[in-house]
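The values are calculated or read from the model by the stated rules, or taken from the named source; none is laboratory data. These numbers were taken from a predicted model, which means no experiment stands behind them. Note that we place each Cβ from the backbone using ideal geometry, even for glycine, and neighbour counts take in every protein chain shown. Accessible surface areas use protein heavy atoms only, side chains included; no ligands, DNA or RNA. Shrake-Rupley method; radii C 1.70, N 1.55, O 1.52, S 1.80 Å.
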Amino acid sequence: PTTKLQLTQCALKVSGMTCGGCAGMVEKALLKVNGVKTAKVDWQSGDVEVQYDSKKTTPEKILAAFNENNAGFRAQLPKPKAS
């Protein structure tokens, strides 16, 4: 059997997006981060779904790289929902 990439999914919240063009910029920026495979961005809610290779990166590293290189947008991990 072929070994599949271990993709892990995480959600991010990105503030500062005002239109679909912003979402495209955020998506491109996230895809440049080492280990990130896909990024689905909803600019209206600020929700971003990222799939990444957990051997290469972590949600914290993705956030740090994104925030360092993208003035105007701010990414964060969503607050855990109180159960």
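How many residues does the stretch 48-58 hold that are more than 22 Å from Cys19 (Cβ to Cβ) and either of a type outside the set (S, T, N, Q) or touching a residue at least 60 places away in the same chain (Cβ under 8 Å) (or both)?
Selection size over the stretch 48-58: 4.
Residue-by-condition table, conditions (1) of a type in the set (A, V, I, L, M); (2) at pLDDT below 95:
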position	(1), (2)
Cys22	no, no
Ala39	yes, no
Ser45	no, no
Phe66	no, no
Pro80	no, yes
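If Ser45 passes every condition in (1) without any contact (Cβ under 8 Å) to a residue 12 or more places away in the chain; (2) within 9 Å of the chain's Cα centre (by Cα); (3) not in a helix (DSSP H, G or I) but one, which one does it miss?
Exception for Ser45: condition (2).
This table checks each residue for (1) within 15 Å of Gln9 (Cα to Cα); (2) open to solvent by 80 Å² or more (accessible area, probe 1.4 Å); (3) in contact (Cβ under 8 Å) with a residue 40 or more places away in the chain.
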| site | (1), (2), (3) |
| --- | --- |
| Val26 | no, no, yes |
| Lys40 | yes, yes, no |
| Glu60 | yes, yes, no |
| Ala65 | no, no, no |
| Asn69 | no, yes, yes |
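Could you grab me the full set of residues in the stretch 15-24 that are open to solvent by 40 Å² or more (accessible area, probe 1.4 Å), in a loop (DSSP other than H, G, I, E, B) and touching a residue at least 40 places away in the same chain (Cβ under 8 Å)?
Gly16
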